[in-house]
Amino acid sequence: MLKKIISFFLSLFLSCLLGVAVHSCANMAAPTGGAYDVDPPKVVRAYPDFNTLNATPSRIEIEFDENIKIESPNEKVIITPPQQTMPVIRSIGRRAVVELNDELLEETTYTIDFTDAIVDNNEGNPLENFVYSFSTGDQLDTLAVSGTVLNAEDLEPVSGIYVGIHSNFDDTAFTKVPFERISRTDSRGKFTVRGMAPGEYRVFALNDLNRDYMYDNPLESIAFMDTTVIPSTAPAVRQDTLFVDSLTVDTIRTIHYTRFLPDDLLLRNFLSDFQRQYLQKDERTEEHKLELFFAAPTDMPTFFLLDQEKREEDWYVMERSVGNDTLTLWITDSLVYQQDSLRMQLNYIRTDSLNQNYIATDTLNFTLRRSRRERDQQKKEEEGEEAPIRFLGINSNVQSTFELYNPIRFEFEQPVIHFDSTLVELSIAVDSLYEPIPFRMEADSLNPRRFVLRPRWEPGARYRVRVDSAAINSYYGLWNNTFEQEFTVKPLDQYGNLEITISGLEEEEEAFVELLDNKGKPFRRSDVKANTVRFQDLLPGDVYARLVVDANGDGVWTTGNFEENRQPEEVFYYPGNFVIRAYSDHSESWDVRSAPLNKQKPMEITTNKPEERKQRNPNLERERQQQQGQQSSPFSGMGGGGGSTGSLQRPGGMR
């Protein structure tokens, strides 16, 4: 009897186990819960209705077929004509609500461009390029112009900048009158100004810092076109492709539509060379050194010490930057630098609140706060204790392997009063001996601590540079210790040469080409001569190039000026890259105008890369995941797999 009971329960257990296995095999996929929502919200109605005439609403409501959100309305939603008082833009359930606070203009078309700000509340599917319009008069203006805004200096797309129009061609309209209609660029620098009436217009870009829609601040970057535009329309055709799935084409349809022209405007954005002038900081970090930092390049200021006996100008040696925005005064008069407190009168250029420059006069106080270590050292010196021997610090760019195109650069810790170049020896290795070679020694014109040694290098040769002790003397009594270093100049077979034939420039137009690294930073430069530019001794690798039309011949890119009606100097980018190979001569050609400016700069060195919207279908993704789960299941080879396949069928004829 006991055996029968045990046998019964064992059979029951095995039956249950088999049933669970069969059920699991037939239902491998998790419950789907229905297809994901991949559609954007759909408009149900609007009040006032779309394109209503003779309307003067202060509140606009647009209803959709599902709950919505409005993302970043103050950034994404563009209302034109521009509003001086910020409108209230919000979502309430299924409605988008816009409350206009400005008094509406008569006989004017109003356009609200939501771009992609409206998304459904659950999945975040955006309603792309959604525009609402109405007119306060009996006519709706529907023309539009489009284009791109690029940064003039480096052709980067400019995102989030206003683009506006004026039908008033007076030069003061841009600086004293708000835009008539506006748009704002997207991440690709692209814009569309909508709701324009027939006529002729000037087009501008403006980084509007105070949101008054006019250029009244020289710190705002701008762009302007030299010519006017006349908006128009033309019939056009495009091809639309419908897919069964991500790979299979269902239908190719021909779509007739209206094209709004011009749609290829190009604006080159720039910041004027105006910069606010003021003294940022002054300090005395060392006994011998006074430092002045200005906010922008400036004319050389004048200054003199107060509370001092009459002294000549030889109480200091100046070190300065190219634009005089950083000045270092090395005090060489011991009666001056031994004082812990100094007062100076400084006369310099300052910019007032109206952006006008004037000569300002300040009294500066320089107080030296000595550290305990410095005070202890000074006390020891006063007590007659000998200080440890200290040599003048030397920095150089010499390394064991040296580039063929580099000179030798020295920078010393303190400004140099004497440098005996006869105690500097540069030698080349010949067999086992070093033989001296000639070189040219140059002092830096801006920095009294820098010197450059220029020889004629022999590729692949081994060299030795030696500076004897006591060859260099600083203003503060420090002498150098012996400096010696051996190094090898790279051989020619580690370099390549590049020659580029340039076309597309105007006759007699001056230009130069800069080679750029993989981050877009220039590292070599050469002038275009007879439509050709040459670069020698380039390291192997990928290089990029940009050309600057040097209209004023000053050797640098020059920005524009609206008051002078002067555009910034033109810049072109080679649309690809040059691959430099070692021990090779490369000949390339470049038509600088063969591609439009907005398609020239390679994406690899573009900093402001456009935002790519990820197009995805969650239903297909879930389907693939379920298929992968089925294939990896430990039961996939068992009987009853047909049930599992059935659970993976595409829902509802989805395409």
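You will find that of Ala21, Ala29, the residue that is surrounded by 16 or more Cβ atoms within 10 Å (Cβ to Cβ) and modelled with pLDDT under 85 is Ala29 and no other. Of the residues making up segment 47-60, those that are surrounded by 16 or more Cβ atoms within 10 Å (Cβ to Cβ) and either closer than 11 Å to Val98 by Cα or outside the structural domain of Arg95 (by TED's automatic domain parsing) (or both) are Pro57, Ile60.
Can Arg276 be described as of a type in the set (Lys, Arg) and either modelled with pLDDT of 95 or more or in contact with an Asp or Glu (Cβ under 8 Å, 6 or more places away or on another chain) (or both)? No; evaluated as a whole, the condition is false for this residue.
Answer yes or no as to whether Phe293 is touching a residue at least 60 places away in the same chain (Cβ under 8 Å), more than 30 Å from Pro231 (Cβ to Cβ) and either of a type in the set (Asp, Glu) or not assigned by TED's automatic domain parsing to the domain that holds Gln414 (or both). No.
Of the strands (runs of 3 or more DSSP E) contained entirely in segment 376-495, those carrying at least 2 residues that are more than 30 Å from Val322 (Cα to Cα) and in contact with a Gly (Cβ under 9 Å, 6 or more places away or on another chain) fall at 483-489. Out of Gln277, Gln308, one residue alone is part of a loop (DSSP other than H, G, I, E, B) and touching a residue at least 60 places away in the same chain (Cβ under 8 Å). It is Gln277.
Residue by residue through segment 483-509, note down the ones that are touching a residue at least 24 places away in the same chain (Cβ under 8 Å), closer than 19 Å to Glu569 by Cα and surrounded by fewer than 18 Cβ atoms within 10 Å (Cβ to Cβ). Within segment 483-509, Ser503, Gly504, Glu509 meet the criteria.
Has segment 209-229 got at least one residue that is among the aromatic types (Phe, Trp, Tyr), out of contact with any Ser or Thr (no Cβ under 6 Å at 6 or more places or on another chain), closer than 21 Å to Gln356 by Cα and surrounded by 11 or more Cβ atoms within 10 Å (Cβ to Cβ)? The answer is no, given that none of the residues of segment 209-229 is among the aromatic types (Phe, Trp, Tyr), out of contact with any Ser or Thr (no Cβ under 6 Å at 6 or more places or on another chain), closer than 21 Å to Gln356 by Cα and surrounded by 11 or more Cβ atoms within 10 Å (Cβ to Cβ). Screening segment 544-602 for residues that are in a strand (DSSP E or B) and acidic (Asp, Glu) and picking the one that is nearest to Tyr215 (Cα to Cα) gives Asp591.
Residue check: Ala360 meets all listed conditions (1) assigned to a loop (DSSP other than H, G, I, E, B); (2) surrounded by 12 or more Cβ atoms within 10 Å (Cβ to Cβ) but one, namely (1). Mind listing just one residue for me: the one in segment 188-227 that is more than 21 Å from the chain's Cα centre (by Cα) and small (Gly, Ala, Ser) and, of those, nearest to Ile112 (Cα to Cα)? The selected residue is Gly195. Scan the strands (runs of 3 or more DSSP E) fully inside segment 138-244 and keep the ones with 3 or more residues being among the small types (Gly, Ala, Ser). Filter on segment 138-244 gives 143-151, 232-243. Being over 30 Å from Val571 (Cα atoms), in a helix (DSSP H, G or I), polar (S, T, N, Q) and in contact with a strand residue (DSSP E or B) (Cβ under 9 Å, 6 or more places away or on another chain) is a property that Asn101 lacks.
Candidates Leu290, Leu267: the one that is within 19 Å of Phe366 (Cβ to Cβ) and buried (at least 17 other Cβ atoms within 10 Å of the Cβ) is Leu290. When the criteria are applied in full, Asp250 meets the requirement of being part of a strand (DSSP E or B), in contact (Cβ under 8 Å) with a residue 60 or more places away in the chain and loosely packed, with under 14 Cβ neighbours inside 10 Å. With the structure loaded, tell me whether Thr258 is without any contact (Cβ under 8 Å) to a residue 40 or more places away in the chain and hydroxyl-bearing (Ser, Thr, Tyr) or whether it fails that test. When the stated conditions are applied, Thr258 passes them. When Val177, Val158 are checked against the criterion of being buried (at least 22 other Cβ atoms within 10 Å of the Cβ) and β-branched (Val, Ile, Thr), a single residue qualifies: Val158.
The values are calculated or read from the model by the stated rules, or taken from the named source; none is laboratory data. The structure displayed is predicted, hence computed values, not measured ones. Don't worry about glycine lacking a Cβ; one is built from the backbone with ideal geometry, like all the others, and counts go over all protein chains shown.
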